[in-house]
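See structure below.
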Amino acid sequence: MDDSKDTKETADVHSNPSLNNGLPNEEELIATPLKGAGIDPVYEGKARVLNNAIQDIGMGRYQWQLFIVVGGFGWASDNLWPIVTSLILPAITSEFKPSKPPLLSLSQNIGLLVGAIFWGFGCDIFGRRLAFNLTIGITSVFGLIAAGSPNFAAIGSFAALWSVGVGGNLPVDSAIFLEFLPGSHQYLLTILSVFWAFAQLVATLVAWPLLGYHTCQEKATTCTRSEDFGWRWFLIAMGLMAMVMFCCRFFLFTLYESPKFLMGRGKDEEAVRVVHEVARRNGKTSNLTLADLEVFNQVGQQGTDASAALKRKLEKVNLTHVRALFASPKLACSTSLIMLIWAFIGLGFPLYNAFLPYIQATRGAKFGDSSTYITFRNQVIIAVLGIPGALLGGAFVEIPRFGRKGALALSTALTGVFLFASTTALTSNALLGWNCAYNFMSNVMYAVLYAYTPEVFVTKDRGTGNAMTATSNRIFGIMAPIIAIYANLETAAPVYVSGALFIAAGLLTVLLPFEPQGKASL
C-alpha cells in the first residue's frame, strides 16, 4: 500500500467511450445535489472542475486502497468499540459490582460526543490528514490500557478516552472518502457499511470464547480478578487489532489532503498537485491545470473574489462553517432535518441496545435457553444478517426515482416496525427472528444514512456538517444509559419508545429537500 507508481497502462475514460457505459454523462457529473442552495459561485465552479478531474482519473488503485483503510478500519471501529462496551459490561458488573452499571455506557457516549465535536469541527480547520491518522491510534492506546483497570471508575474513564478517538472516525473518514470518489462511484460510500456490520460479527466471535467461558457467572456471589480475566483478554485483543489498523494507516498508506479542502482554503496549486498525484497512483495522467481553477477568480460579482471571499469564509476561529450550513432556507431545512433524524436514531438505537441484554436474558430464562452457547450463537446469527443488509443498502440507493431518500425512509421506518414486532415474541426462535430482521434493516438504514449525510454538505463545510449531525446523535445517545439507570426494567416500554423514534425518523426523511442520486458532491 505504498505510493510507488503503478506502471500499468490504463485508458482514460474519455479516450475509450466504452468505459462510459452505465456512468453519468458530462451534464450529470456537473450536476450538484445542492442546486439552488446559495453556494458561493467561485467555490462551486472550482469544485465542479475538480469533480470532473477526479471523474476523468476514475476509480483506481488509490481510491480502492482508501476504501479499505476508511471502511475496513474507520467504519469498523465506529461499530466495534460500542459493541465491546456492551459485551464486557456483564463481566465488569460481576467483578466490580457497581451500583449503577449503565454509567459505563454513559462514559462511552460522553467520549463519543467529545470525539465527534473535536474531530468533526477540527478537520475543517486543520485538515483531514491529522484526524485520519490519530483517531484509531488514540482508540488502540486507551483500549489496551483499559485492560488493566483496577476498578469500575477506571474502566469508565478509559472507555470515555478510547471513545474520543472512536467518535471522530465517521465524521472524518466519510469526508475523506467522498472527496476522492468519482461522481460515478459515490454509491461506494454506502457499501462501506458492510465493514460496520462485519465488525459486529468479528467482535462477537472473539468475545465468544473469552467472555463466554473465562468470566464469572452473572449471579456469582464472589468474583475475583483471576476468575474474571476474560474481559481483559478481550480488550487486549481489540486494542491490538486497533493498533494494527493504526500502523497500516500511518506507515503503509500515504493519505493526500483533499483537493477540494485545499481549494476551499485558497491553495489551488496544492489542490492541482494532489489531483496529479492521485492520477499517478492510478497509472493515469490528468489534464487539470492551475489556470482551470484560477479562471474563476475573475468572477466579477461582489463578494465572490476568491482571494478575499474564500479567505474570509474560512477563518479559523469563528462560526463561519456553521453559518454556511444555514445560509439559505433550503440549506437550513436540510441541515435541521438531517440533525433531527440523527438525534432520533441516536436515542432509539442505544435505548434498545441498553435494554436488549435484559430482555434476552429474562426471556431466554423463561424459554429455558439462556445458556452461554445459545446466547453467543444467537448473537453471531444476528451479526451475520447485518452484512447483506449493508450490501442491500448500496443497491437500494441506485434505484431510479427511489434513491437515497426512498431507501432511507423505508429502511428507517421498517427498523422501528421490527422493534415493535419483537415485543410480541412468545418463543426464543421468534425473538431471534425479529432481532435478525431488526439488525438486517438497521444496517440498510445506517448504510444509506452514512452515505447521504456527507453528500449534502459541501467540502469546505463537510467536516462541520458531519460534526453537527454526529453531535446531535451522541447527545441523544447519552440519554439512553441515563434512562437505563432510572427506568423500570420490568416493562417493554423503552422498546416501544425506540421503535416510535425510528418510525418518526423515517417520516422526517421524506421531507429532506435534496436527493444526491446521480450527482457529484461539491
Total residues in the stretch 115-146, condition open to solvent by less than 50 Å² (accessible area, probe 1.4 Å) and within 18 Å of residue 158 (Cα to Cα)
10
How about the stretch 412-426: which of its residues are farther than 12 Å from residue 505 by Cβ and polar (S, T, N, Q)?
422, 423, 424
Give me the pairs, please: first residue somewhere in the stretch 275-303 and more than 14 Å from residue 43 (Cα to Cα) and of a type in the set (A, V, I, L, M, F, W, C), second residue anywhere and at pLDDT 90 or above and open to solvent by 60 Å² or more (accessible area, probe 1.4 Å), beta-carbon distance under 9 Å, and either six or more positions apart or on two chains.
279/285; 288/276; 290/269
Residue pairs meeting the criteria (Cβ under 7 Å; at least 6 apart or on separate chains; first closer than 29 Å to residue 176 by Cα, in the stretch 188-212; second charged (D, E, K, R)):
196/78
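Given the residues 344, 402, 420, which is the only one that is of a type outside the set (Gly, Ala, Ser) and at pLDDT 90 or above? So that I can check it myself, show each step before the final result.
Working: 402 fails: at pLDDT 90 or above; 420 fails: at pLDDT 90 or above.
Result of the check over 344, 402, 420: 344.
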Just give me the residues in the stretch 152-192 being over 19 Å from the mean Cα position of the chain (by Cα), open to solvent by 10 Å² or more (accessible area, probe 1.4 Å) and among the β-branched types (Val, Ile, Thr), in sequence order.
none
Every pair of residues 6+ apart whose Cβ atoms lie under 6 Å, when the first sits in the stretch 157-180 and is closer than 16 Å to residue 108 by Cα while the second is polar (S, T, N, Q) and open to solvent by 10 Å² or more (accessible area, probe 1.4 Å)
159/107; 159/108; 160/107; 163/108
If I filter the stretch 116-148 down to residues being among the charged types (D, E, K, R) and assigned to a helix (DSSP H, G or I), which single residue comes out as modelled with the lowest pLDDT?
128
Scan the stretch 305-338 for residues that are surrounded by 20 or more Cβ atoms within 10 Å (Cβ to Cβ) and modelled with pLDDT of 70 or more and jot them down.
321, 324, 325, 331, 334, 335, 338
Show the residue pairs meeting these rules: Cβ distance below 9 Å; 6+ apart or different chains; first residue within the stretch 377-405 and in contact (Cβ under 8 Å) with a residue 40 or more places away in the chain and assigned to a helix (DSSP H, G or I); second residue surrounded by fewer than 21 Cβ atoms within 10 Å (Cβ to Cβ) and among the charged types (D, E, K, R).
378/369; 403/515; 404/515; 405/515
Unique match (being under 19 Å from residue 86 (Cβ atoms) and of a type outside the set (Asp, Glu)) among 484, 447:
484
Check whether at least one residue in the stretch 61-80 is modelled with pLDDT of 85 or more, charged (D, E, K, R) and within 16 Å of the chain's Cα centre (by Cα), and report yes or no.
yes
Verdict on residue 149 being hydroxyl-bearing (Ser, Thr, Tyr) and more than 23 Å from the chain's Cα centre (by Cα):
yes
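The values are calculated or read from the model by the stated rules, or taken from the named source; none is laboratory data. None of the values given here were measured: they were computed from a predicted structure. Because the Cβ atoms are built from the backbone with ideal geometry, glycine has one as well, and the counts that use them run over all protein chains shown. We work out accessible area using only protein heavy atoms, side chains counted, and drop any ligands, DNA or RNA first. Shrake-Rupley method; radii C 1.70, N 1.55, O 1.52, S 1.80 Å.
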